[in-house]
Structures are given as structure tokens and as C-alpha cells.
Amino acid sequence: MDYAIVRFGNKQHRVRDGETLVVDRVPAEEGASFEPEVLLGEAKVTATVVAHERGPKVRIGKYRRRTGYRRHNGHRSATSRVLIALGSGRRAAPPTAAAAAAGAGAPPAGYADLTIAGIKAAAEEWSGAELEAALAYERANAARKGAISALEAALAKGGEG
């Protein structure tokens, strides 16, 4: 699961890694990190306070007809902007020496920087061992569905021809 449900104050938020949220004011200084209560998900969630802000002004008006009675009031909520970081949780360790010993080899050079479209285009020129290594790397680290399906399709295409 690439997201978690956490509680800030008395509200629940669905968060992802690297996401910035505006929540009710938290009792932490700017730059401080804390761990909110995780309601759903195995990952360890860390929130870092980026800034303390105030929300937009809400105007409240009272009016009674034919009496000249008009009152206006305003309100701005105290908010905090927090940066979310999801920990590893139960995710597998990246393939290193153990994967190389198992015969998976190393993924092609610069694989970690490729986008899904780049992986689809480059997978046609890779050997079977490179495709297997890239697939193992993808499943262990990024787990991008599009990249996994592109690598599996390239492996199936290579097995036919």
C-alpha cells in the first residue's frame, strides 16, 4: 500500500509519501518532526511541520429586516502545513549482493532514473537477464504497476520469439 490513513487533531487524512497537507494547528515548532496516529497502513508515518499559517477569512453576517440591524464578524482558522514521509514498513530490502548471488544480476545502467515510458521504450533492447533484474528491482523498490507490466510484457515477447 502506497498510502496511509492518519489522524491530525480529530480529522482523518489519506496521505502519501512526499505530500504536503494543511491541517489544524499542531503543537509543534516549525521544522520539528512527529509521528501522527496511523489508523490504516503498515508504514511508519513521519510529519514535519513546514509552517504555521492562518486559513482564509470567513465572514459571518447577521441581518434583521426593517430594523437597521446588521452585524458582521470574521474568523480565520489557525493551520499548520506539514510534509509527510512514509517509512518502509514491511517493504522488502532493495536487491543488492543477495540478488546478485541469486543470479538476478543488476538492472541496466540508469534504470532507477527512467520513467515508465522510458522503460517501455528501452525494454525492447534489453536482454532477458537485464529484464529479469529490472523486474526484480522494480518489485523490491518502486513497485510501479506500469513499469512492472511493461517489463513482464517484454519478457513474454522475448520468450515467444
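Where a number appears in this text, it was derived from the coordinates with a stated rule and is not lab data. What you see is a predicted model; the values in this text were computed from it and never measured. Every residue, glycine as well, gets a Cβ built from its backbone with ideal geometry; the counts of neighbours run over all protein chains shown.
Here are the numbers for this structure:
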item	result
Of (i) 19; (ii) 25; (iii) 52, the label for percent of Cα pairs over 27 Å apart derived from the coordinates	(iii)
In Hz, Karplus ³J(HN,Hα) per residue of the range 21-31 (6.51, -1.76, 1.60; θ = phi - 60°; x = Gly, Pro)	10, 10, 10, 4, 3, 9, x, 9, 6, 5, x
Rounded tilt (10° steps) of 145-160 against the dominant C-alpha axis of the chain	20
Coarse-grained scattering of the range 107-160 at q = 0.12 Å⁻¹, given as base-10 log I(q)/I(0) from a Debye sum over alpha-carbon atoms	-0.20
By average C-beta atoms within 10 angstrom, highest first, the peptides 113-120, 130-137, 52-59	130-137, 113-120, 52-59
Helix-only [θ]222 nm of the chain, DSSP H runs n ≥ 4, -39500 (n - 2.57) each, per residue, nearest 500	-7500 deg cm²/dmol
Nearest 10 degrees, 0 to 90: helix 128-140 Cα axis against the chain principal axis	30
